[in-house]
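Encoded as structure tokens, the structure appears first; notes follow it.
The values are calculated or read from the model by the stated rules, or taken from the named source; none is laboratory data. As the structure is a prediction and not an experimental result, all values here were calculated from the model. Neighbour counts run over all protein chains shown; Cβ positions are idealised from the backbone, glycine included. For the accessible areas, the whole protein counts, side chains as well, though only heavy atoms, and no ligand, DNA or RNA atoms are used. Shrake-Rupley method; radii C 1.70, N 1.55, O 1.52, S 1.80 Å.
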Amino acid sequence: MSALPNTHEVLLRNAHLLNGRPALLGVSDASLLPRCPVPGIAMTEHAGLWQILFHDTDWAGCFGYEPDRQQQGSCDTVVVFLPKARAECELRLALARYLGKPGAALVVIGEKKEGIAGAIKQFSVVAGEVVKVGSARHCQVWCGRNTQPLTKFRLTDWLSWTELSCAGVALSVAGLPGVFSLGRLDDGTQMLLETLAESPLGVDRVLDFACGAGVIGSWLHGFHQLAGKKPIRVDGTDVQAQAVFCARESYRKAGVNGEIFAADGLAAVQGKWPAVISNPPFHTGVKTDTSMTEQFLAQVAAHLAHGGELRLVANSFLPYEALIRQHIGPVEKLAQDRRFTVYRAFRKKSG
């Protein structure tokens, strides 16, 4: 059996804390669940994991921060695994207060390098006196009580909006704690959008892989509107629950034509598009991880129409050019600086 993440291992070492019906917030490995004493609610932000939790276990699966109403106040113990983004900790603690019964045990587990010390300050604000009850595998375990239970929890209450502009196109982008590039336009996406202004795709349908908060789709919609062109359909896919929620909100506000899918990669995505565009992630936590993009490049040709275009921005040091050439076709660089490169390739025509 594969090793669990440190925080999950530490929970099992302290399984005596799981009294009554539990809720585990921020599960990152589904193999944790059968090792727990009894089932309860398991929340994950990861679309692939959510499918496992929802279909293949006795646990009630919760995809991100949108619990069922009947789950309110239903748990005796709520475990909060510390999220990677500091701003997300308050949101996760609020969900814990909503799911926990009044007086329920609240448990926070996190690694020292991920900022557990700062998180405990946030924890003590909502849980009164908190106590450190364990320490192992570079993690700490803290306990408190649900002294401030919530009877309402609406993710829209946590939504923020950022006004952005690029290449003469203005757009509004929805944001939630934990979403990539919250409150700003990241430099890689800006370079990608500038190439789209200079060298438009020239198609009426696009798939945005790893769409984040829907920046690219909203920009493409605005770009076509500004030019007086026929509206373009931009579908999007992302693995993170908050990104999917934000992208749908961004699309709704801008009137973008397109559907946002929650998906882990492209394996479960159906259809072909004349163009696929992406600013894919290359981190898992704080570690460089190119596996998602490597898998995407291996699968994307099956979702490109013959002669269809792939346009992708990535950090210049990442080894994607050869993979694009291998799986898609000849590659050109539309833009490049010290940090980022925008690649363009067209799917090889069969025969």
Which members of the range 264-276 meet the condition of being closer than 23 Å to residue 65 by Cβ, open to solvent by 10 Å² or more (accessible area, probe 1.4 Å) and either small (Gly, Ala, Ser) or in contact with a Pro (Cβ under 7 Å, 6 or more places away or on another chain) (or both)? 268
State which residue is nearest to residue 277 (Cα to Cα) when the search covers only the range 304-351 and only residues that are of a type in the set (Asp, Glu) and touching a residue at least 24 places away in the same chain (Cβ under 8 Å). 309
If you scan the range 66-98, which residues turn out to be surrounded by fewer than 18 Cβ atoms within 10 Å (Cβ to Cβ), in contact with a helix residue (DSSP H, G or I) (Cβ under 7 Å, 6 or more places away or on another chain) and not in a loop (DSSP other than H, G, I, E, B)? 90
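So that you can scan it fast, the table gives a plain yes or no per residue for (1) within 16 Å of residue 248 (Cβ to Cβ); (2) crowded, with 20+ Cβ neighbours inside 10 Å; (3) free of Cβ contacts under 8 Å to residues at least 60 places away in the same chain:
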residue	(1), (2), (3)
183	no, no, yes
187	no, no, no
193	no, yes, yes
197	no, no, yes
206	no, yes, no
212	yes, yes, no
215	yes, yes, yes
222	no, yes, yes
Taking the stated definitions as given, is residue 179 within 30 Å of residue 311 (Cβ to Cβ), more than 25 Å from the chain's Cα centre (by Cα) and open to solvent by less than 70 Å² (accessible area, probe 1.4 Å)? no
Need the failing condition index for residue 199 against (1) hydroxyl-bearing (Ser, Thr, Tyr); (2) farther than 26 Å from residue 51 by Cα; (3) in contact with a helix residue (DSSP H, G or I) (Cβ under 7 Å, 6 or more places away or on another chain), just the number. (3)
What are the pairs with Cβ atoms under 8 angstrom where one residue, in the range 147-175, is acidic (Asp, Glu) and the other, located anywhere, is open to solvent by 20 Å² or more (accessible area, probe 1.4 Å) and in a strand (DSSP E or B)? Sequence gap at least six, or different chains. 163/170; 163/172
Whether any residue in the range 153-171 is modelled with pLDDT under 95 and open to solvent by 20 Å² or more (accessible area, probe 1.4 Å) is what I want to check. no
Of 26, 61, which residue is of a type outside the set (A, V, I, L, M, F, W, C), open to solvent by less than 30 Å² (accessible area, probe 1.4 Å) and at pLDDT below 95? 61
Can you find even one residue in the range 126-136 that is more than 21 Å from residue 86 (Cβ to Cβ), in contact with a helix residue (DSSP H, G or I) (Cβ under 6 Å, 6 or more places away or on another chain), open to solvent by less than 30 Å² (accessible area, probe 1.4 Å) and aliphatic (A, V, I, L, M)? yes
If you check 236, 265, 308, which single one turns out to be outside any helix (DSSP H, G or I), within 22 Å of the chain's Cα centre (by Cα) and modelled with pLDDT of 95 or more? 236
Mind checking which residues of the range 208-231 are closer than 22 Å to residue 265 by Cβ and in a helix (DSSP H, G or I)? 215, 216, 217
Counting only residues that are among the β-branched types (Val, Ile, Thr) and open to solvent by less than 10 Å² (accessible area, probe 1.4 Å), which one in the range 99-123 is farthest from residue 21 (Cα to Cα)? 116
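Find the residue count for the range 124-139, including only residues that are part of a strand (DSSP E or B) and under 11 Å from residue 6 (Cβ atoms).
The qualifying residues number 2.
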